[in-house]
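The values are calculated or read from the model by the stated rules, or taken from the named source; none is laboratory data. What you see is a predicted model; the values in this text were computed from it and never measured. Virtual Cβ from ideal backbone geometry, glycine too; neighbours counted across all protein chains shown.
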Amino acid sequence: MKPLEGLLVIVFCQFLSGPSASLKLADLGARVIKVERPVTGDICRQFYVSNVELNGNSTVFHAINRNKESFEADLKSPIDLKRIKKLLAQADVVIHNFRPGVIERLGLDYSTVSKIKPEIVYGEISGYGKEGSWKDKPGQDLLLQSLSGLTWLTGNKNDGPVPMGLAIVDIISGAHLVQGVLAALIRKGITGKGAKVEVSMLESVIDLQFETITTCFTDGGQPVERTKSNNAHSYLGAPYGIYKTKDGYLALAMGKIPILGNLLKCEALTAYKTPSSLFDKREEIKYILSKHLMTGTTKQWLAILEPADIWCSEVMDWKTLMETEAYQVLKMEQVVEMENGFKFKTIRCPIRIDGDILLSPKGTPNLGEHNKHIVSEFNL
């Protein structure tokens with residue numbers, strides 16, 4: 001039995017942040033009903049990150065909305081709104097990611113819903129919170145990365161701002177909401193009291209940078225300095241970075257430079273003996289190291305460094321990773337099936353409970369696919 005089995009979660013969410021949160025709850029065993037607008041449904045159904053289409057919808061939508069049911073409803077319709085309120089009266093959790101003010105206009109805000117069901121756990125994700133001059137700005141991942149300072153931590157010194165190549169703010173915001181919802185459910189189990197759980201994408205991406213921002217507070221606000229080459233962390237000293245070899249790339253984490261110099265037979269590196277030189281001279285060290293590592297293959301360097309317990313790794317792409325035994329033993333892949341028989345491969349939930357991995361064969365719902373069943377079951 002999965003830990004959240006028996007819980008009913010109703011979600012009014014589009015794009016990635018809210019849907020990613022509800023996906024985790026679904027994989028942990030909750031029953032998730034996704035309320036979608038008529039005709040078009042979640043905008044993400046037609047939000048493509050490639051020219052690949054899966055059974056009429058985008059790969060993004062399928063990846064993040066599997067293991068859910070779809071209930072098509074016009075929230076501006078009095079009839080549909082009445083049905084939704086009856087459904088909420090039987091729910092344990094409700095989640096939305098509307099912009100501030102929208103949920104109030106629809107009459108589904110926390111004040112209203114908690115009167116329908118006082119013990120409800122009510123979660124919401126916004127872009128920038130409900131206060132301040134940014135509250136009405138669009139909560140879109142790239143915009144949040146750009147506003148939050150995150151883009152100045154990646155890439156090399158002369159690259160300009162570099163965003164991460166995935167929707168990191170959406171995903172971390174969804175994860176934070178799940179943490180809050182689970183905490184509220186624990187309190188509800190103890191006290192019987194419901195809760196309102198609020199997460200903003202801006203707060204989430206600021207928290208994601210807690211390590212570097214705390215350093216900024218401590219060092220008097222020194223500007224972020226990425227190295228000219230091989231940068232992987234704006235604050236860590238040499239050799240931390242990714243280096244080109246004769247046939248690929250090698251990642252090097254923290255390590256003592258003289259020891260690296262002796263192991264790699266690079267005499268120039270043995271001169272950097274003090275801990276401060278890892279920071280004060282990191283440009284010099286990285287330049288010497290990058291030139292030297294180009295003279296050998298990745299496997300040659302790994303054969304020297306790994307036995308000496310130096311933290312290092314080959315840099316892999318997905319194809320290479322998925323061919324390794326280390327990946328295959330995790331059994332991260334699963335095949336899910338839609339109601340019409342269409343199957344596709346995706347990634348499972350990364351959490352294990354009592355040693356068991358969490359799998360679900362349930363694919364993505366078609367828009368409104370479960371209306372008839374839900375109306376009947378919940379007497380809507």
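The condition of being part of a helix (DSSP H, G or I), in contact (Cβ under 8 Å) with a residue 60 or more places away in the chain, buried (at least 19 other Cβ atoms within 10 Å of the Cβ) and in the same structural domain as V336 (by TED's automatic domain parsing) holds for F61. Remark: pairs (first residue in region 152-166, on the phi > 0 side of the Ramachandran plot; second residue assigned to a loop (DSSP other than H, G, I, E, B); Cβ separation under 8 Å; 6+ apart in sequence or on different chains) = G155/P161; G155/V162; G155/R226; G155/N231. Write out, first by first residue and then by second, each pair whose Cβ atoms fall under 6 Å of each other, whose residues are 6+ apart or on separate chains, and whose first residue, in region 299-315, is exposed (fewer than 13 other Cβ atoms within 10 Å of the Cβ) while the second is part of a helix (DSSP H, G or I). Pairs found: A308/L263. For L182, the criteria (1) out of contact with any helix residue (DSSP H, G or I) (no Cβ under 7 Å at 6 or more places or on another chain); (2) closer than 25 Å to D141 by Cα; (3) touching a residue at least 24 places away in the same chain (Cβ under 8 Å); (4) buried (at least 16 other Cβ atoms within 10 Å of the Cβ) hold in every case but one, which is (3). Filtering region 354-380 to residues that are part of a strand (DSSP E or B) and either surrounded by fewer than 14 Cβ atoms within 10 Å (Cβ to Cβ) or free of Cβ contacts under 8 Å to residues at least 12 places away in the same chain (or both) leaves only D356. Could you tell me whether any residue of region 254-262 is within 30 Å of Q90 (Cα to Cα), more than 23 Å from the chain's Cα centre (by Cα) and assigned to a helix (DSSP H, G or I)? Taking every residue of region 254-262 in turn, none turns out to be within 30 Å of Q90 (Cα to Cα), more than 23 Å from the chain's Cα centre (by Cα) and assigned to a helix (DSSP H, G or I).
Limited to region 16-32, what total is found for residues that are closer than 19 Å to G194 by Cβ and surrounded by fewer than 20 Cβ atoms within 10 Å (Cβ to Cβ)? So the answer is 1. Do we have any residue at all in region 223-230 that's in contact with a Phe, Trp or Tyr (Cβ under 6 Å, 6 or more places away or on another chain), in a loop (DSSP other than H, G, I, E, B) and buried (at least 16 other Cβ atoms within 10 Å of the Cβ)? Yes, that holds for at least one residue. The conditions of being in contact with a Phe, Trp or Tyr (Cβ under 8 Å, 6 or more places away or on another chain) and surrounded by 15 or more Cβ atoms within 10 Å (Cβ to Cβ) are met by G139. Looking across K193, K246, one residue alone is modelled with pLDDT of 95 or more, under 30 Å from T112 (Cβ atoms), in a loop (DSSP other than H, G, I, E, B) and not aliphatic (A, V, I, L, M). It is K193. Do we find that G132 is buried (at least 21 other Cβ atoms within 10 Å of the Cβ), over 23 Å from A30 (Cα atoms) and out of contact with any His (no Cβ under 8 Å at 6 or more places or on another chain) in this structure? In short, no.
I need the full set of residues from region 1-15 which are assigned to a loop (DSSP other than H, G, I, E, B) and crowded, with 24+ Cβ neighbours inside 10 Å, in order please. Residue satisfying the conditions is C13 alone. Residues that are touching a strand residue (DSSP E or B) at 6+ places or on another chain (Cβ under 9 Å) and more than 20 Å from N340 (Cα to Cα) were ranked within region 39-58; the one that is surrounded by the most Cβ atoms within 10 Å (Cβ to Cβ) is C44.
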